[in-house]
Structure formats: C-alpha cells, structure tokens
Amino acid sequence: MSLEGIRELGRNAGAAVEHIINYAGGKVGDAYCSWTAVYILRKAGIMVPRFGKAKSWFDPAHVVWRAGQQVAGRPPPQLGDLLGYTWGYPHICHVETQVGPWGTGPSVRALGGNTGGGGALKREGEGVYQNWRLKRLVAAVANVVDNPHYTHGDLP
C-alpha cells in the first residue's frame, strides 16, 4: 500500500517509478504494471519471477478464476493474488494486485502500477493507484500467494 500515490514524471518515468522498475528487474521506461506486481510480492517475502509482461503470470497452474467463474478445484481469489485484464486484446495486457477481499459483491479492490485513478482502467496510466474493479472486467486471477513457483521466468 506504500506505493499508492506514486505518480509518473514523463512516460513510465520519475524517481519513484524507476525505483519500482529497477528493484523488480526491469528497464527504465518499461510499462510497469507487471514490475509493480513483482515489487509488491517480493517486498512481502514471496519470491516470484521477474515478469515484465502481464500475461506471464496467468499460466494454467496459477489461474484460480477465469471468465467470470472460479476454476474447479482451485481456491477462491484472495488478498495478494493478481488480477489480469485484456481490454479486448487476445491476451492479458494489464495486471494488478488484489488488496481487498473478493467477497460476493460485483467489485474488488486492487492496487496497480501504470494505471489511472478514479476507477479508470487504461492501457497506459500515470501512476500507482488503488481502485475498485468490476469483477466482470477481470479476465483471470492468478494465485501466486499459495503457489509462487513458476517453471519459467527469472528467479535470482
């Protein structure tokens, strides 16, 4: 939650944004939604790979919720899991961290980098914001809290 309120200075730039990107293993100037997820999880002690692409988080071994329903035999979404969005693209192109309970309502609280505030869900944002997200817009949820192990990615 300490990242909330960070704002870009330029496109995907500024000291605080660059700190997130560098800590997570990216290159300054990268789109940083996935680097923000890496930063949050590693700061929480969960050693996840250094994924610079949002879609990398959502492999079959980690997805617990897809297309509006829980995947059979998987736990429900929980705090710290990752929410993936497509905006009509053929794959997930944006990722945020779930910071509120999934619950039974139509929306969930999420914290994301390289996004907009006030509920805006944009391809390119201007900072790190916490927003209510409609669950119907979430393409998939990846459980990295219970299962941080991936068979690909950079794990130092």
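The table below lists the values:
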item: Among residues of the range 90-117, those that are under 18 Å from ARG66 (Cα atoms), assigned to a loop (DSSP other than H, G, I, E, B) and touching a residue at least 40 places away in the same chain (Cβ under 8 Å), counted; result: 1
item: Answer residue from the range 1-23, given it is assigned to a loop (DSSP other than H, G, I, E, B) and of a type in the set (A, V, I, L, M) and is surrounded by the fewest Cβ atoms within 10 Å (Cβ to Cβ) among those; result: MET1
item: Any hit, the range 53-61, residues being of a type in the set (Phe, Trp, Tyr), modelled with pLDDT of 95 or more and farther than 20 Å from HIS152 by Cβ; result: no
item: Only one of TRP35, TRP65 that is in a helix (DSSP H, G or I), of a type in the set (Phe, Trp, Tyr) and touching a residue at least 40 places away in the same chain (Cβ under 8 Å); result: TRP35
item: Test: residue in the range 72-85 that is among the aliphatic types (A, V, I, L, M), in contact with a strand residue (DSSP E or B) (Cβ under 9 Å, 6 or more places away or on another chain), surrounded by fewer than 20 Cβ atoms within 10 Å (Cβ to Cβ) and not in a loop (DSSP other than H, G, I, E, B); result: no
item: Residue check for GLY26: outside any strand (DSSP E or B), surrounded by 20 or more Cβ atoms within 10 Å (Cβ to Cβ) and not β-branched (Val, Ile, Thr); result: yes
item: Residue list for the range 38-54, filter: within 18 Å of ALA110 (Cα to Cα) and either in contact with a Leu (Cβ under 9 Å, 6 or more places away or on another chain) or not in a loop (DSSP other than H, G, I, E, B) (or both); result: VAL38, TYR39, ILE40, LEU41, ARG42, LYS43, ALA54
item: Output for the range 68-89, where each listed residue is touching a residue at least 24 places away in the same chain (Cβ under 8 Å), farther than 22 Å from ILE46 by Cβ and not β-branched (Val, Ile, Thr); result: GLY68, TRP87
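The values are calculated or read from the model by the stated rules, or taken from the named source; none is laboratory data. Computed from a prediction, not measured in an experiment: that's the story for all the values here. Glycine gets a Cβ as well: all are built from the backbone with ideal geometry, and neighbour counts include every protein chain shown.
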